[in-house]
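The values are calculated or read from the model by the stated rules, or taken from the named source; none is laboratory data. Just so it is clear, the model here is predicted, and its values are computed rather than measured. Cβ sites come from the backbone with ideal geometry, for glycine too, and all protein chains shown count toward neighbours. Please note that ligands, DNA and RNA were not included when accessible areas were found on the heavy atoms of the full protein model with its side chains. Shrake-Rupley method; radii C 1.70, N 1.55, O 1.52, S 1.80 Å.
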Amino acid sequence: MTILRWTIVLSLIFAAEPAFAYLDPGTGSMLLQVILGGIAAVGVAIKLFWYKIRAALGLKKKDPEVQDGTA
């Protein structure tokens, strides 16, 4: 199966022709925004699900010991 995949990948690489595409300066800015937005989205997702992630990894905070009520 891997030989078939390599054959397909190599045939696509060698069959590629120049595109003569123009990349304006705004393209780099847009790419940077996509990368930074992705990082921000991952950060927000981790913050939202932090307690579930900790519980899944077994890093749950221990419950405080129950005091007997005497002061």
Quick one: is Lys52 open to solvent by 100 Å² or more (accessible area, probe 1.4 Å), at pLDDT 85 or above and under 27 Å from the mean Cα position of the chain (by Cα)? yes
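Per-residue answers, yes or no, for (1) loosely packed, with under 10 Cβ neighbours inside 10 Å; (2) at pLDDT 85 or above; (3) not in a loop (DSSP other than H, G, I, E, B):
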site	(1), (2), (3)
Ile8	no, yes, yes
Ala16	yes, no, no
Phe20	yes, no, no
Leu32	no, yes, yes
Leu36	no, yes, yes
Lys60	no, no, no
Thr70	yes, no, no
